[in-house]
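*Asks:* Got a structure for you, questions after.
The values are calculated or read from the model by the stated rules, or taken from the named source; none is laboratory data. Quick caveat, the model's predicted, so the values are computed rather than measured. Using ideal geometry, Cβ is built from the backbone for each residue, glycine included, and neighbour counts are taken over all protein chains shown. Side chains included, ligands, DNA and RNA excluded: accessible areas come from the protein's heavy atoms. Shrake-Rupley method; radii C 1.70, N 1.55, O 1.52, S 1.80 Å.
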Amino acid sequence: MDLESVYKECGAYLNGHFLLSSGKHSGFYLQSAKVLENPILAGKLCKELCLIIKKYGLEFDSICSPALGGILAGYELARAFEKRFIFTERVNKEMTLRRGFEVKPKEKFIICEDIITTGGSALESAKILESLGGVVVGFAALANRGFCKVENLNTPRKANAKLPENLPLFTLGNFDFEIYDEKDCPFCKQGSKAIKPGSRGN
């Protein structure tokens, strides 16, 4: 599957000057909501991701996503697997599990995102589940932004990747974009102001 073409056709592959949730800057942004707003396409993509994960024989009970960006991808992946789906969300900037969701002792989870950058939000969700007695066995996303190692694509792990090295990440594609600290950002040096798209911006 040509994931880059899918994002471009959906108007989800953006060029400009963006402030990422990590605080870093980039000239590219993947607006997955524009891809996932089409239920048929969302289902098709997550069925493909489901088939990839099945090839590796990973056994798990449920899927969890960090809100807000990961919910649609996680729900559709859970549908493809016919598994239970829950989500974590931030309250006062702290990731938590609410809404009556419960974790059974030793319940095995895959954490699913729309896009994995360094994996910070996914790791926060994993820690919440583990603190409640769950076991995280892997991670999944529509796309990886080039930092974390992807099991099925054999991409290298970069120094600022946050996902555990001993757990697999599965994605449909890899986008290796340059990102910058604000002080080193070439767009800022040209006088441009970064905009903040996505679930924590607009």
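*Asks:* Which of the pairs K34/K149; K8/K158; K108/K162; K24/K55 have their Cα atoms more than 32 Å apart in this structure?
*Replies:* Checking Cα-Cα distances, K24/K55 exceed 32 Å.
*Asks:* Over the stretch 12-84, what is the relative contact order in whole percent, taking alpha-carbon pairs under 8 Å and six or more residues apart?
*Replies:* Rounded, it is 26 percent for the stretch 12-84.
*Asks:* Still on this structure, I have one more. Would you mind counting up the charge near K162? Only other residues with Cβ under 13 Å from its Cβ, with Lys and Arg at +1 and Asp and Glu at -1.
*Replies:* So the environment of K162 carries a net charge of +2.
*Asks:* Specify which labelled value, from (i) 122; (ii) 114; (iii) 163, agrees with volume of the Cα convex hull per residue in Å³ derived from the coordinates of the model shown.
*Replies:* (i)
*Asks:* About the Cα centre of the stretch 1-106, what is the dipole size in debye to 20, counting +1 per Lys and Arg Cβ and -1 per Asp and Glu Cβ, all else neutral?
*Replies:* It comes to approximately 280 debye.
*Asks:* Got a sec to turn the phi values of the stretch 23-34 into Karplus ³J(HN,Hα) couplings, 6.51 cos²θ - 1.76 cosθ + 1.60 with θ = phi - 60°, whole Hz, x for Gly and Pro?
*Replies:* Listing the rounded values in order: x, 8, 10, 8, x, 9, 9, 9, 9, 4, 4, 6 Hz.
*Asks:* If you don't mind, there's one more thing I want to ask. Would you mind working out the accessible area per residue for the stretch 87-202, using a 1.4 Å probe, and quoting it in Å²?
*Replies:* 54 Å²
*Asks:* Note down the magnitude of the dipole of the chain about its Cα centre, charges +1 on Lys and Arg C-beta and -1 on Asp and Glu C-beta and zero elsewhere, to the nearest 20 debye.
*Replies:* Using Cβ point charges on Lys, Arg, Asp and Glu, the chain gives about 300 debye.
*Asks:* Relative contact order for the stretch 135-178: what percent, with Cα pairs under 8 Å and sequence separation of 6 or more?
*Replies:* 50 percent
*Asks:* Between N92, P168, G146, whose Cα lies farthest towards the positive end of the dipole of the chain when Lys and Arg beta carbons carry +1 and Asp and Glu beta carbons carry -1, centred on the Cα centre?
*Replies:* Of the options given, the answer is N92.
*Asks:* Still on this model: Give a residue-ordered list of calculated ³J(HN,Hα) values for the stretch 82-88 (Karplus: 6.51 cos²θ - 1.76 cosθ + 1.60, θ = phi - 60°; whole Hz; x for Gly, Pro).
*Replies:* After applying 6.51 cos²θ - 1.76 cosθ + 1.60, I find 6, 10, 6, 10, 9, 9, 9 Hz.
*Asks:* Separate question: Working from Cα positions, state the angle (0 to 90°, nearest 10) between the long axis of helix 71-81 and the longest principal axis of the chain.
*Replies:* Approximately 40 degrees, to the nearest ten.
*Asks:* Using alpha-carbon positions, what is the distance between the centroids of the stretch 25-71 and the stretch 136-202, in Å?
*Replies:* When both Cα centres are located, 15 Å separates them.
*Asks:* Explain nothing, just compute: Karplus ³J(HN,Hα) = 6.51 cos²θ - 1.76 cosθ + 1.60, θ = phi - 60°, for every residue of the stretch 57-69 in order, whole Hz, x for Gly and Pro.
*Replies:* Each residue of the stretch 57-69 in turn: x, 6, 9, 7, 9, 8, 10, 10, 10, x, 6, 9, x Hz.
*Asks:* A further question follows. In whole percent, and with a 1.4 Å probe on the protein chains, what portion of the accessible area of the stretch 61-184 is carbon and sulfur?
*Replies:* 47 percent
*Asks:* What is the chain's relative contact order, in percent, from Cα pairs under 8 angstrom and six or more apart in sequence?
*Replies:* 22 percent
*Asks:* Right, next: Considering only DSSP beta bridges whose two residues both sit in the stretch 1-111, what percent are antiparallel, to the nearest 5?
*Replies:* That works out to approximately 50 percent antiparallel.
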